[in-house]
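Peer 1: Encoded as structure tokens, here's the structure I'll be asking about.
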Amino acid sequence: MTFIEKYRKEAELFLKVCHKLAANMYVTGFGGNCAWRLEPDLVMITPTMLNKGDIQMPDIVFITLKGDPVEGTRKPTGEKFMYLKFFTERPDIKSVIHCHAPNVGAFAITGGDNLLMKPFFPETTHEVGPVPLVPYAEPITQKLADNFGPYLQKYNSFLMENHGLVTMSTEDIYWTMMNVELLEMTACSILKALSSGLPLKEMTVEAVRDLDNVMKKRNCPMFGAPGVHNSLVNLWFPDLKK
């Protein structure tokens, strides 16, 4: 049995996410890519040089954690170096999406404070987490993958300087897609608030601490590698004196 046959349901969901990314204009041209780890050493990944809205079942590629293709007629995305690093250094992660959602992308090309590192909405605070800025590097290179090193153990989403967004999760690819949508709407709201000229209002430490209760009730995993953070307060306010 081929992998595409064995993981038919997962492949159908994978295509749904690819097509939704394109329909939402979160990816354009050949931009963006997705990957889903299905087995410890098996990754379903998007092909290179193909619009995500055009990808069909025969276009899906399967690779190992060393990057070796094991099934599929196309070459995997040139950003495979990123995914290999993510899945190797974060064994808890199952799926990853890299895209160019426009409102999040606005923060990738602006200076000043990274407002995506501040808590504004409950959902984003406990479902997406802080989004650090990863320094720019040439796309489809090992250097770009290596730049994630200092942040990879602490966070699950990353703003790529002058580039775009990476979001990962311990769940399936559709869950990761929903987190992308949530973050994009949050970025949109922040930009609208900034355009009003009124001051932004962050959530308080107490409000974020209360969200730890929500995390427990919903059985939500903490962001970052297992054991790195023991609470949302520790994550969002790392400089807060205990």
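Peer 1: Label-point separation (nm) for Met117 and Leu133, each offset 7 Å from Cα along Cα-to-Cβ?
Peer 2: Computed distance between label sites Met117 and Leu133 equals 0.8 nm.
Peer 1: Per residue Cα convex hull volume for the chain, in cubic angstrom?
Peer 2: Given the Cα convex hull of the chain, per-residue volume reads 124 Å³.
Peer 1: How long are the semi-axes of the equivalent ellipsoid of region 35-77, taking √(5λ) for every eigenvalue λ of the Cα gyration tensor, in whole Å from largest down?
Peer 2: For region 35-77, the ellipsoid semi-axes come out as 18, 10, 8 Å.
Peer 1: Also, quick follow-up: Once every DSSP H run of n ≥ 4 in the chain is given -39500 (n - 2.57) and the sum is divided by its residues, what mean residue ellipticity at 222 nm do you get, rounded to the nearest 500 deg cm²/dmol? Could you put the intermediate results ahead of the total?
Peer 2: Working: 9 runs with 91 residues, N = 242.
Value at 222 nm, helices only, nearest 500: -11000 deg cm²/dmol.
Peer 1: Please list the non-local residues whose amide H lies under 5 Å from the amide H of Val228, H modeled 1.01 Å from N, same-chain partners needing a gap of 5 or more.
Peer 2: So Val228 has HN proximity to no qualifying residue.
Peer 1: Using Cα springs under 10 Å in a Gaussian network model of the chain, which residue among Ile45, Ile93, Ile109 shows the largest mean-square fluctuation?
Peer 2: Ile109
Peer 1: Also: In a GNM of the chain with a 10 Å cut-off on Cα contacts, which of Ser195, Ser169, Ser231 has the highest mean-square fluctuation?
Peer 2: Highest fluctuation of the listed residues: Ser195.
Peer 1: Continuing with the same structure: What length, rounded to one decimal in nm, is gained on full extension from Thr48 through to Asn24, with 0.36 nm per residue of separation minus their alpha-carbon distance?
Peer 2: Taking Thr48 through Asn24 to full extension adds about 6.6 nm, to one decimal.
Peer 1: Arrange Met168, Met57 by Cβ neighbour counts within 10 Å, fewest through most, would you?
Peer 2: Least crowded to most crowded, the residues run Met57, Met168.
Peer 1: What's the FRET efficiency of Glu202 with Asp59 using the Cβ-Cβ distance as r and R₀ = 35 Å, to the nearest 0.05?
Peer 2: The calculated FRET efficiency here is 0.25.
Peer 1: Still on this structure: At a Förster radius of 51 Å, what calculated FRET efficiency corresponds to the Cβ-Cβ distance of Ala106 and Met1, to the nearest 0.05? Write out the running numbers ahead of the final one.
Peer 2: Details: r = 45 Å, r/R0 = 0.89.
Efficiency computed from Cβ-Cβ geometry: 0.65.
Peer 1: With a length cut of 30 Å (Cα positions projected on each helix's long axis) and a Kyte-Doolittle mean of at least -0.5, go through the chain and give me the DSSP H helices that pass.
Peer 2: Those that clear 30 Å and a mean of -0.5 are 173-196.
Peer 1: What ranking do Leu144, Leu133 get, fewest neighbouring Cβ atoms within 10 angstrom at the top?
Peer 2: Exposure proxy ranking, most exposed first: Leu133, Leu144.
Peer 1: Please identify the trypsin sites (Lys or Arg not before Pro) of region 164-216 that satisfy two criteria: DSSP loop assignment and at most 11 other Cβ atoms within 10 Å. Which are they?
Peer 2: Working: sites: Lys192, Lys201, Arg209, Lys216; in loops: Lys201.
Answer in residue order: Lys201.
Peer 1: Follow-up. At a 10 Å Cβ-Cβ cut-off, how would you order Cys99, Cys188, fewest neighbours first?
Peer 2: Cys188, Cys99
Any read-out appearing in this document is the output of simple, stated calculations on the displayed coordinates, not a laboratory observation. Only a predicted model underlies this, so the values are computations on that prediction, with no experimental measurement involved. All Cβ positions, glycine included, derive from the backbone under ideal geometry; neighbour counts span all protein chains shown.
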